[in-house]
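Comments concern the structure below.
The values are calculated or read from the model by the stated rules, or taken from the named source; none is laboratory data. Keep in mind that what you see is a predicted model, and the values were worked out from it rather than measured. Heads up, the Cβs are rebuilt from the backbone with ideal geometry, glycines too, and the neighbour counts pull from every protein chain shown. In case anyone asks, the SASA skips ligands and DNA or RNA and just uses the protein heavy atoms, side chains included. Shrake-Rupley method; radii C 1.70, N 1.55, O 1.52, S 1.80 Å.
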Amino acid sequence: MTVKRGIVPRTARLTVLFADLRGYTGLAERLAPAQIVPLLEEFFRVLAKSVTSHGGKVFHMAGDGMMAGFGGRDLADHGAREALAAGHSMLQQFGTIAARWRRDLSVDTGIGVGLHLGDVAMGFLGPPGHKSTTLVGDTVNVAARLCGRARAGEVLLSCTVAAALEIDDSEGELYIGPIPVLHLPQYALRGRSAPLDIWCVPATERLAL
């Protein structure tokens, strides 16, 4: 899952993961900027460790969010199971941190995660002197939109991820290993021609973030 400088971008079939911090606006309003930096460092350490420990690659970190990719080593390697496990790990690992921040700093925070599987182009993009490898395409956009839709403490996954995991459209709760998955109503993404079937790893606690 690499691309060399000066080479025509190659296409691969990956599972793209987006994750971002819920409650960041309130946190930034309440705390001094210098206090926020170590919190974001702790947050990104959790996300990056969850990605790399499940075989993924971090492509972008900025503000309070991250993009990662899983799979792509061969035609059969779509990375869906690894991406789901990484997203679930993020929720579990950040839960204890969020509880400590709530206790010590009086701020409510959480993580929202979106997953979508499909074709992406891997390109070496950016301004002169600051180029980096990134992912481009509709798959990236859908994963980002699902992340934006996810509530604090949720992973939302698309129909392509569900199909790769052999999840059917049954109602009720299913399990992928130890991970609970619920089928949700279709989600209409603005600008797309058809609604998307989605599933979620439900939050263990509801936060209005």
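Per-residue answers, yes or no, for (1) without any contact (Cβ under 8 Å) to a residue 60 or more places away in the chain; (2) closer than 28 Å to Gln93 by Cα:
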residue	(1), (2)
Ile111	no, yes
Lys131	no, no
Cys147	no, yes
Leu157	no, yes
Ala188	yes, no
Ser193	yes, no
Return the total of residues in region 23-56 being surrounded by fewer than 20 Cβ atoms within 10 Å (Cβ to Cβ) and either on the phi > 0 side of the Ramachandran plot or not in a helix (DSSP H, G or I) (or both).
-> 3
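Does Ala121 satisfy being touching a Gly at 6+ places or on another chain (Cβ under 9 Å) and buried (at least 24 other Cβ atoms within 10 Å of the Cβ)?
no
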Of (1) over 28 Å from Leu31 (Cβ atoms); (2) touching a Ser or Thr at 6+ places or on another chain (Cβ under 8 Å), Gly95 satisfies every one except (1)
Select from region 124-134 the residues that are surrounded by fewer than 19 Cβ atoms within 10 Å (Cβ to Cβ), at negative phi and either outside any strand (DSSP E or B) or at pLDDT 75 or above (or both) and list them in ascending order.
-> Phe124, Pro127, Pro128, His130, Lys131, Ser132
If you go through region 162-195, how many residues are aliphatic (A, V, I, L, M), at pLDDT below 90 and either closer than 19 Å to Thr139 by Cα or over 20 Å from the mean Cα position of the chain (by Cα) (or both)?
-> 4
Taking region 138-166 and keeping only residues that are out of contact with any Gly (no Cβ under 7 Å at 6 or more places or on another chain), open to solvent by 20 Å² or more (accessible area, probe 1.4 Å) and not in a helix (DSSP H, G or I), one is left with Glu166
Filter result (outside any helix (DSSP H, G or I), open to solvent by less than 70 Å² (accessible area, probe 1.4 Å) and either within 26 Å of Cys159 (Cα to Cα) or modelled with pLDDT of 95 or more (or both)) within region 65-108 | Gly65, Met66, Met67, Ala68, Gly69, Phe70, Gly71, Gly72, Asp77, His78, Gly79
Six or more apart or on different chains, Cβ under 7 Å: which pairs go from a residue in region 171-183 that's under 11 Å from Val201 (Cα atoms) and surrounded by 13 or more Cβ atoms within 10 Å (Cβ to Cβ) to one that's modelled with pLDDT under 85 and not hydroxyl-bearing (Ser, Thr, Tyr)? Could you list them?
-> Pro180/Glu173; Val181/Leu174; Leu182/Glu173; His183/Asp169; His183/Glu171
Give me the pairs: first residue in region 30-57 and under 24 Å from Ala85 (Cα atoms), second residue part of a loop (DSSP other than H, G, I, E, B) and open to solvent by less than 50 Å² (accessible area, probe 1.4 Å), beta-carbon distance under 6 Å, and six or more apart or on different chains, which are they?
-> Lys57/Met1
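Yes or no: Gly137 at positive phi and over 14 Å from the mean Cα position of the chain (by Cα)?
Taking the combined requirement at face value, the residue satisfies it.
Each row is one residue, and each column tells you yes or no for (1) more than 18 Å from Gly55 (Cα to Cα); (2) free of Cβ contacts under 8 Å to residues at least 60 places away in the same chain.
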residue: Asp108; (1), (2): yes, no
residue: Gly114; (1), (2): no, no
residue: Asp138; (1), (2): yes, yes
residue: Gly153; (1), (2): yes, no
Out of (1) in contact with an Asp or Glu (Cβ under 9 Å, 6 or more places away or on another chain); (2) closer than 15 Å to Ala143 by Cα; (3) open to solvent by 10 Å² or more (accessible area, probe 1.4 Å), the one His60 does not meet is (1)
